[in-house]
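In what follows, a single structure is set out as structure tokens and then discussed.
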Amino acid sequence: MRFDIITIFPDFFAGPFDYGILKRARTTGLVEIATHDLRSFTHDRHRTVDDRPFGGGEGMVLKAQPIYDAMQSLNISPKGERDKSRETVILLSAQGQPFTQSLAQELSTTERVLILCGRYEGVDERVNELLCDREISIGDYVLSGGELAAAVIVDAVVRLLPGALGNPDSSRFESFGADEVADLPDSADGPPRSTYGSGGLLDYPHYTRPADFMGMMIPEALSGGNHEVIRRWRRRMALKKTLENRPDLLERIEITDEDREILAELRGFH
Ligand code: SAM
């Protein structure tokens, strides 16, 4: 898989892509990430990438021409001829569609992803219309630029590439995990799965040694080695976290009769 990132701050990415899973994925050739300095595609002495907005108002807007030229240099197919399962162009924008785990999954099966980082008041809208397939936001807040958002997307996608994680199951049993994992059985020889299929829920809390930290003991359910007790506890805690922090997720997922019982208890209906 290859990412191309167009930005006015290419050096910004030296940090985020040089650690942990991302670094390993780059070193082993699982992913190639190229950053492109938008200013290299300007033709004036001041390397101007922005201009005042038509209609007046605050701030500056990234000009269309340097972005167009940058994309031409990258040999991305024209928008109309693009096979989006192979290559896609993303405009980062606070006005975009929300970035989710399922979008990360979808992008992880795409061979080439080009990401355009906005700055200032944003990007001339004709760039969006002419060149981009998706306008994506990483959350309901405004960043100073698209670079942090690009790093977030690359990180979330790369860890889903087969071979990126030490244990391939890790990404299947996390918060927001795919629905179908909810019913996956334990591996025959191992301990219980780390998450009892998130099935679209948030992950449950994790603990490691020591069992007693400043007088705070780990939950009893986790210490006895009884797989069924552990499974129930994890499912209950995943439901509790979700109920407390993201009750909206509960509207969107399929829950079992057992889940319904637990939720009623958690809501104090028992
Ligand atoms: N005027 C814009 C608005 O009100 O929606 C905000 C522009 S913001 C200061 C500059 C750039 O940061 C945007 O063009 C975009 O690339 C990036 N950006 C800001 N917030 C973002 C978000 N939530 N998700 C993705 N990119 C974002």
Counted residues, the stretch 253-270 - those being exposed (fewer than 11 other Cβ atoms within 10 Å of the Cβ) and not in a helix (DSSP H, G or I)
5
In the set Arg112, Arg134, Arg119, which member is open to solvent by 20 Å² or more (accessible area, probe 1.4 Å) and near the ligand (Cβ under 7 Å from one of its atoms)?
Arg119
Looking at (1) under 17 Å from Ile153 (Cα atoms); (2) more than 15 Å from the ligand (Cβ to nearest atom), can you tell me which one Ser73 breaks?
(1)
Would you check if Glu129 is charged (D, E, K, R), open to solvent by less than 40 Å² (accessible area, probe 1.4 Å) and assigned by TED's automatic domain parsing to the domain that holds Gly29?
no
Which number in (1) open to solvent by 80 Å² or more (accessible area, probe 1.4 Å); (2) at pLDDT 95 or above marks the one condition that Pro185 misses?
(2)
Taking the stretch 139-152 and keeping residues surrounded by 21 or more Cβ atoms within 10 Å (Cβ to Cβ) and within 6 Å of the ligand (Cβ to nearest atom) leaves Gly146, Ala149
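Quick grid of which residues meet (1) surrounded by fewer than 20 Cβ atoms within 10 Å (Cβ to Cβ); (2) touching a helix residue (DSSP H, G or I) at 6+ places or on another chain (Cβ under 9 Å); (3) under 30 Å from Glu174 (Cβ atoms):
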site	(1), (2), (3)
Ala34	yes, no, yes
Arg52	yes, no, no
Pro78	yes, yes, no
Pro98	yes, no, yes
Return yes when Asp155 is within 16 Å of the ligand (Cβ to nearest atom), open to solvent by 20 Å² or more (accessible area, probe 1.4 Å) and touching a helix residue (DSSP H, G or I) at 6+ places or on another chain (Cβ under 8 Å) and no when it is not.
yes
Could you check His227 against (1) in contact with a Pro (Cβ under 7 Å, 6 or more places away or on another chain); (2) closer than 16 Å to Phe173 by Cα; (3) open to solvent by 70 Å² or more (accessible area, probe 1.4 Å) and say which number it fails?
(2)
Anything in the stretch 1-15 that is under 25 Å from Gln105 (Cα atoms) and surrounded by fewer than 17 Cβ atoms within 10 Å (Cβ to Cβ)? List them, or say none.
Arg2, Ala14, Gly15
Filtering the stretch 12-41 down to residues that are in a loop (DSSP other than H, G, I, E, B) and touching a residue at least 40 places away in the same chain (Cβ under 8 Å) yields Thr28, Leu30, Val31
Residue check for Asp4: within 15 Å of the ligand (Cβ to nearest atom) and touching a residue at least 60 places away in the same chain (Cβ under 8 Å):
no
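The values are calculated or read from the model by the stated rules, or taken from the named source; none is laboratory data. Source: prediction; values computed, not measured. When we count neighbours, we look across all protein chains shown, and the Cβ atoms used for this are built from the backbone with ideal geometry, even at glycine. Note: areas computed on protein heavy atoms with side chains; ligands, DNA, RNA excluded. Shrake-Rupley method; radii C 1.70, N 1.55, O 1.52, S 1.80 Å.
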